[in-house]
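Asker: This structure is in structure tokens; I'll ask about it shortly.
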Amino acid sequence: MKKIAILTLFLLYACCTFSQQAAIQRDMFGDLNYQSRDGDYQSTFKKNVFDDLIFTDNRNNKVTLEKKYLIATYPGILGNENMKRELFNELIRENRRSEGYVAKYSIDIFNKLIIEDNKGYKLEKGKDIFGHDQIAEEVDGVKSSFNKTLNGTLEYTYGNDKASLKKDIFKKYLYSDSFGNELQFNEKTWRTLTRRYESDEEAFMSLIDHFFYR
């Protein structure tokens, strides 16, 4: 019975996706257009003179995907019809129940990823000159950041709260945060954690998830 239920759900999803794909048409300008069967929802996916792709619909939603972002995130999409249609489908599913949502995805001249919308969300993600991740995020006015300092210390902030992970001269890893938590790991134990979470950064974030958000 379980296999039958899963197969049924898959077929329903496939039929829905096929129906939506079939409703996508190209207009005389080469832009993609979608209209629901009842005509209540319409959307377009246009390429501007800068080769950015812009999604808009009749519910005042607008999502701008700049060319540099597209090249980095969806390699080959600008010359691939199927990839454009798949992305258009995804944007339709994400936005057809929203109204007045505006977002922009871009990469600046320093190769920093920037995602920003009109609902109070902003993400900036890049690397410093040493290749370390530098991440800053804002959600509903609350700012958070993640970075690696020149001496190798990992730092995380969320509002006024902070956490850090540093390695001392005895090769011990020291975690501390503004909630008063302090943990010490010898090198062997820490490497066990990094094998489990695949990197120092992800292991550090696992500690933050446990102590910040419990």
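Asker: Over the alpha-carbon set of segment 24-119, divide Rg by the Kirkwood Rh and report the Rg/Rh ratio to two decimals.
Answerer: Rounded to two decimals, Rg over Rh is 0.96.
Asker: If you stretched the chain out fully between Glu124 and Lys143, how much longer would it get, using 0.36 nm times the residue separation minus the C-alpha to C-alpha distance?
Answerer: 5.7 nm
Asker: Continuing with this model, one more query. Taking H as built 1.01 Å from N, whose amide H comes closer than 5 Å to the amide H of Asn61, not counting residues under 5 places away?
Answerer: Excluding prolines and chain starts, which carry no amide H, the hits are Gly100, Tyr101.
Asker: Still on this structure, I have one more. Using θ = phi - 60° and the Karplus relation 6.51 cos²θ - 1.76 cosθ + 1.60, list the HN-Hα couplings for segment 34-42 in order, rounded to whole Hz, with x at every Gly or Pro.
Answerer: Here the 3J(HN,Hα) series is 9, 9, 5, 4, 8, x, 6, 10, 10 Hz.
Asker: Let me ask something else. Roughly how big is segment 93-214's charge dipole about its Cα centre, with Cβ charges of +1 (Lys, Arg) and -1 (Asp, Glu), in debye to the nearest 20?
Answerer: Magnitude of the dipole: close to 340 debye.
Asker: Provide the per-residue ³J(HN,Hα) series for segment 59-64, in order, calculated from phi with Karplus coefficients 6.51, -1.76, 1.60 and θ = phi - 60°, each as a whole number of Hz, with x at glycine and proline positions.
Answerer: Coupling constants for segment 59-64: 10, 6, 8, 8, 10, 9 Hz.
Asker: Taking every Cα atom in the chain, find the radius of gyration and the maximum pairwise distance Dmax, and write them in Å.
Answerer: 22.5, 69
Asker: Separate question: Checking the table Lys112/Lys166; Lys127/Lys148; Lys122/Lys166; Lys119/Lys162; Lys148/Lys172; Lys84/Lys125 against a 20 Å threshold on Cα-Cα, which pairs fail?
Answerer: Result: Lys112/Lys166; Lys122/Lys166; Lys119/Lys162; Lys84/Lys125 exceed 20 Å.
Asker: In deg cm²/dmol, rounded to 500, what helix-only [θ] at 222 nm does the chain give when every DSSP H run of at least 4 residues adds -39500 (n - 2.57) and the total is split over its residues?
Answerer: Estimated from H runs of four or more residues: -10000 deg cm²/dmol.
Asker: To the nearest 0.05, how large is the calculated FRET efficiency for Ile115 and Ser178 if R₀ is 25 Å and r is the Cβ-Cβ distance?
Answerer: Calculated transfer efficiency: 0.40.
Here, each number is a calculation from the coordinates, and none is a lab measurement. Computed from a predicted structure; not experimentally measured. So basically every Cβ, Gly included, is an ideal-geometry build from the backbone, and we count neighbours across all protein chains shown.
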